[in-house]
Amino acid sequence: MEESSKKRGRQLMWVLILILTLAALAAAAWFVAFRVNRFSLELALTGEPKLQLEYGDSFTEPGVTPILRGTLFLKEGYTPDKLEIHRETDLNEGKLGKYTITYSTEFLNCTAEARREIRVIDTKAPTITLKEDPEGSLVEGVIYQEAGFTATDNYDGDITDRVVRTEEPGLVTYAVTDSSGNPAVAQRKIPLRDMILPEIQLEGGEDYVITLGTRYEEPGFTATDNVDGDVTAMVQVEGEVDWLTAGTYPITYTVTDSCENTTVVTRNVEVAVQPWQDTVYPEGKVVYLTFDDGPSAYTAELLDVLDAYGAKATFFVVGSGSGNMMRQIVKRGHSIGIHAVNHDYGKLYASPEAYFDDLMKMQSIIYDNTGVKTTLMRFPGGSSNLVSRHSCEGIMTFLTQAVQDAGFQYFDWNVYSGDAGETKRTEKVVDNVIAGIQEHRVSIVLQHDIHKYSVDAVEDILRWGKRNGYKFLALQSDSPGFHHDLNN
Ligand code: ZN
């Protein structure tokens, strides 16, 4: 009994030792595993910790991986299965902003947490839509009539009112920026149809008056256009002025700019008639001595004779005459009148224009030499001449009217001395003149002071005239003209 009791006691002891040993081993294992090894749990983010989400896209969760680590074991990491991961976020995909996702989990005594930042952004530019220009209503003047536009943004919606519109010639630019700073630009080419007419400025005005016999010269003009600038060179001038016939003549000025806008202005040129003077017949018996074709070498002598008798005369001078002598004629109280610059019938009576050119030129020569702007004149050959028929049919009929309309007074004669070819004898000239004078109360005597034999006749004529009560006067603009009957 004692034997078996001892044996049981030993067995019990061994069991106890075994249990204690196991317990000690377990304690050592726990100690090693949990105190020496020190477990830890972490959550590893898949993908970037900061993510951007384009507005309009939906967020796809990249996920997290729980990793268990220990200092002695599991150094490479271990992912426990079926670990519940708690996910918490304020993410709002419909609103731009910064959001956070918080992941957390726990295993055994360990807990782990990870955060991810999400930014909802808008990188899409807004869209600008231009309405089409309606046909036919494109432009009025050069001001563009906006056809309309809209701007929409994927995030902001309608942002038409934020569009900044700038206009330059031929181009409109529309620019807008959305709330995220994304810019958009659109452009519209506008076909600039210039509808503004060019302008023509007439120097001298639209009503322009010249006196008959004054050659019409364009007074000048300028033309400008809002687009083309100075278009003076493109002006077409049409119309003619008959400066020898009274009337009103329209001259049109036409200019078209590069956009086919045409401006026409009209200048009315009036060729005005100088009013005729009433003829005043002098009192008593009067002789107007007239000398054509000079002055010449004999004119000085003639002036002395006239002075000696207190007589005045009239000289119808030519272009070849001495200017100094013309001055003497005027200085000594005689009248000076126009004959011709060039006493060549063929050229002089070639046309009314040719005649007037000569007439005005001679007037100018006399004026330059004497300061007298004479309107007294005598047609070479007289108004009754036949010779002009060879050059120009009907010219004297035209000229006799035209020179008076131009303010000139033409003088023919009623006493002819015969000194132009019929005689070269002084006595004959004297006889002719005295005989002629006696037939008229008022005489206009034709002589030529280029012939000495005619100049020599003057003293006898004056002596006879004075004895017989004649006055010798110089022609004035209102003196009788003694116009001949016309032959051409
Ligand atoms: Zn003559």
Viscosity 1.306 mPa s, temperature 10 °C, Stokes-Einstein D of segment 362-488 from Kirkwood C-alpha radius, µm²/s
98 µm²/s
Relative pair counts by distance (%), Cα atoms of segment 237-372, 5 Å bins
2, 8, 13, 14, 13, 13, 11, 7, 6, 5, 4, 3, 2, 1, 1, 0
Determine which residues of segment 168-198 fall in the zone a paramagnetic label at ALA147 would reach in this model, i.e. backbone nitrogen under 13 Å from the point 7 Å along Cα→Cβ.
172, 187-192
To the nearest 0.05, the calculated FRET efficiency linking ARG8 and LEU108 through their beta-carbon distance, R0 being 56 Å, is 0.85
When we measure straight from the Cα of LYS82, which lysines land under 29 angstrom away, once same-chain ones fewer than 8 places off are left out?
LYS50
Which entries of LYS331/LYS424; LYS347/LYS428; LYS347/LYS452; LYS331/LYS373 show an alpha-carbon separation above 21 angstrom in the structure shown?
LYS331/LYS424; LYS347/LYS428; LYS347/LYS452
Computed curve, segment 268-312, Cα-only Debye sum without solvent term, log₁₀ I(q)/I(0) at 0.22, 0.26, 0.31 Å⁻¹, is -0.89, -1.02, -1.16
Suppose the chain between SER320 and THR46 were pulled fully straight at 0.36 nm per residue; how much longer would it get relative to their current alpha carbon spacing?
86.6 nm
Taking segment 144-213, which trypsin sites (Lys or Arg not before Pro) meet the DSSP loop condition and have no more than 15 other C-beta atoms within 10 Å?
ARG193
Ordering of 200-211, 393-404 by burial proxy (mean other Cβ atoms within 10 Å per residue, highest first)
393-404, 200-211
For the residue pair SER477 and THR224, what label-to-label distance in nm results when each label sits 7 Å from Cα along the Cα-to-beta-carbon direction?
4.1 nm
Span per principal axis, largest first, for the Cα atoms of the chain (Å)
222, 43, 37
From the square roots a ≥ b ≥ c of the eigenvalues of the alpha-carbon gyration tensor of segment 244-302, which class results: rounded (a/c under 1.5), prolate (a/b over b/c), or oblate?
oblate
Residues of segment 297-326 with backbone nitrogen within less than 19 Å of a virtual label 7 Å along the Cα-to-Cβ line of LYS347, please, listed as ranges.
317-323
Relative contact order in percent for the chain (Cα pairs under 8 Å, 6+ apart) equals 10 percent
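I'd like to compare 279-287, 100-108: which one has the highest average count of other Cβ atoms within 10 Å, and what's the full order after that?
100-108, 279-287
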Less than 21 Å apart at the alpha-carbon level, and either on another chain or at least 8 residues along: which lysines does that give for LYS285?
LYS312, LYS466, LYS471
Rounded to the nearest percent, how much of the accessible area of the chain (1.4 Å probe, protein heavy atoms only) is carbon and sulfur?
51 percent
Residue-averaged [θ]222 nm for the chain, counting only DSSP H segments that reach four residues, each worth -39500 (n - 2.57):
-7000 deg cm²/dmol
Residue-span extension gain [TYR281 to ASN92] - 0.36 nm each, minus C-alpha spacing:
55.9 nm
What percent do you get for the relative contact order of segment 214-362 when only Cα pairs under 8 Å and 6+ apart count?
14 percent
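Mind checking the per residue accessible area of segment 424-465 for me, 1.4 Å probe, whole number of Å²?
About 43 Å² of surface per residue is accessible.
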What spacing in nm lies between the two simple spin-label points modelled at ALA23 and GLU238, each 7 Å away from Cα in the Cβ direction?
13.5 nm
Relative contact order (percent) for segment 183-278, with alpha-carbon contacts under 8 angstrom and 6 or more residues of separation?
32 percent
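Which percent, to the nearest 5, of DSSP beta bridges fully inside the chain are antiparallel?
Antiparallel bridges make up about 65 percent of those DSSP assigns within the chain.
The values are calculated or read from the model by the stated rules, or taken from the named source; none is laboratory data. Since the model is a prediction, treat every value here as computed from it, not as a measurement. Neighbour counts run over all protein chains shown; Cβ positions are idealised from the backbone, glycine included. Side chains are part of the model used for accessible areas, which takes the heavy atoms of the whole protein and leaves out ligands, DNA and RNA. Shrake-Rupley method; radii C 1.70, N 1.55, O 1.52, S 1.80 Å.
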